[in-house]
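The next block holds one structure in the form of structure tokens; read it before the comments.
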Amino acid sequence: MSKGKIVSFETTREVHDRCLCFATQRAARALARRFDAALRPVGLTSGQYSLLMSLNRPEPPSLGAVAELLGMDRTTLTANLKPLLRNGWANSAVDPDDRRGRRLSLTAKGRKVLTAALPIWRRTHAEIDAALPPPLAPRALQAGLRALAVPEGVAGR
């Protein structure tokens, strides 16, 4: 560690006021708490809702495809899947095309809880959208967040 100047409190304020990472992490935690509270009556967290929704596809996706969609590594996805599997909301099966891989799917019970959660999600999302100030129109904010979510070094994605 260098014995140079220490970081001033003014610098701390600058980072706090300008840092997109800090702001998005703080916003993400606040949004997750809000959706967690809203989805509690159907027994879901916001993360579980997103994961169930990512499994709602015509064909069972691979573990890797779901991890990529959610922007998480496979190990984290595997850990997040455990409560869904335990609750009987999702199923994990050997990939018939590549026996080394897994395919994930919703169960009937998972579709039922997802169906119950959807109106709650829509209502909560409408409340949040309505609270956004005009420069942060929901579609513009989503486009900006999607642009930030592109993995480093991947252009035009």
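On the basis of being open to solvent by less than 90 Å² (accessible area, probe 1.4 Å) and either more than 23 Å from V150 (Cα to Cα) or within 15 Å of the chain's Cα centre (by Cα) (or both), does A90 make the cut? Talk me through it step by step, then tell me what you get.
Numbers: open to solvent by less than 90 Å² (accessible area, probe 1.4 Å): yes; either more than 23 Å from V150 (Cα to Cα) or within 15 Å of the chain's Cα centre (by Cα) (or both): yes.
Taking the combined requirement at face value, the residue satisfies it.
Can you go through L52, L84, L69, L77 and tell me which one is part of a helix (DSSP H, G or I), modelled with pLDDT under 95 and not small (G, A, S)? Reasoning before the result, please.
Values: L52 fails: modelled with pLDDT under 95; L84 fails: modelled with pLDDT under 95; L77 fails: modelled with pLDDT under 95.
Result: L69 is the single residue among L52, L84, L69, L77 that is part of a helix (DSSP H, G or I), modelled with pLDDT under 95 and not small (G, A, S).
Could you list, ordered by first residue, the pairs with Cβ atoms under 7 Å in which the first is in segment 114-127 and over 13 Å from L44 (Cα atoms) and the second is part of a helix (DSSP H, G or I) and open to solvent by 70 Å² or more (accessible area, probe 1.4 Å), at least 6 apart or interchain?
So the pair list comes out as T124/R34.
Check whether at least one residue in segment 8-18 is assigned to a helix (DSSP H, G or I) and crowded, with 16+ Cβ neighbours inside 10 Å, and report yes or no. Give the derivation first.
Residues of segment 8-18 that are assigned to a helix (DSSP H, G or I), as a first pass: 9-18.
Next cut, crowded, with 16+ Cβ neighbours inside 10 Å only: none.
No, there is no match, as no residue in segment 8-18 is assigned to a helix (DSSP H, G or I) and crowded, with 16+ Cβ neighbours inside 10 Å.
The conditions are (1) modelled with pLDDT of 95 or more; (2) part of a helix (DSSP H, G or I); (3) over 15 Å from the mean Cα position of the chain (by Cα), and S105 fails exactly one of them. Which is it?
(2)
If N91 satisfies every condition in (1) touching a strand residue (DSSP E or B) at 6+ places or on another chain (Cβ under 6 Å); (2) assigned to a helix (DSSP H, G or I) but one, which is the exception?
Only one criterion is unmet by N91, namely (2).
Have a look at A126, A140, A117 and point out the one that is open to solvent by less than 100 Å² (accessible area, probe 1.4 Å), modelled with pLDDT of 85 or more and more than 27 Å from L81 (Cα to Cα). Please lay out each step first, then the result.
Numbers: A140 fails: modelled with pLDDT of 85 or more; A117 fails: more than 27 Å from L81 (Cα to Cα).
Residue meeting the stated conditions: A126.
Give the residue, chosen from R103, R146, R111, that is touching an Asp or Glu at 6+ places or on another chain (Cβ under 8 Å) and closer than 27 Å to S62 by Cα. Walk me through it before giving the result.
Working: R146 fails: touching an Asp or Glu at 6+ places or on another chain (Cβ under 8 Å); R111 fails: touching an Asp or Glu at 6+ places or on another chain (Cβ under 8 Å).
Every option except R103 fails the conditions.
On the given criteria, is G47 small (G, A, S), touching a helix residue (DSSP H, G or I) at 6+ places or on another chain (Cβ under 7 Å) and within 27 Å of V150 (Cα to Cα)? First the steps, then the outcome.
Details: small (G, A, S): yes; touching a helix residue (DSSP H, G or I) at 6+ places or on another chain (Cβ under 7 Å): yes; within 27 Å of V150 (Cα to Cα): yes.
Taking the combined requirement at face value, the residue satisfies it.
Quick check, is V66 touching a strand residue (DSSP E or B) at 6+ places or on another chain (Cβ under 7 Å) and free of Cβ contacts under 8 Å to residues at least 24 places away in the same chain? Don't jump to the end; show me each part of the working.
Working: touching a strand residue (DSSP E or B) at 6+ places or on another chain (Cβ under 7 Å): yes; free of Cβ contacts under 8 Å to residues at least 24 places away in the same chain: no.
Criteria not met by V66.
Looking at this structure, is L44 hydrophobic (A, V, I, L, M, F, W, C) and open to solvent by 60 Å² or more (accessible area, probe 1.4 Å)?
Numbers: hydrophobic (A, V, I, L, M, F, W, C): yes; open to solvent by 60 Å² or more (accessible area, probe 1.4 Å): no.
Taking the combined requirement at face value, the residue does not satisfy it.
The values are calculated or read from the model by the stated rules, or taken from the named source; none is laboratory data. Nothing here was measured: the structure is a model prediction, and the numbers come from that model. Backbone-built Cβ (ideal geometry, glycine too); neighbour counts: all protein chains shown. What goes into the accessible areas is simple: the full protein's heavy atoms, side chains included, and nothing from ligands, DNA or RNA. Shrake-Rupley method; radii C 1.70, N 1.55, O 1.52, S 1.80 Å.
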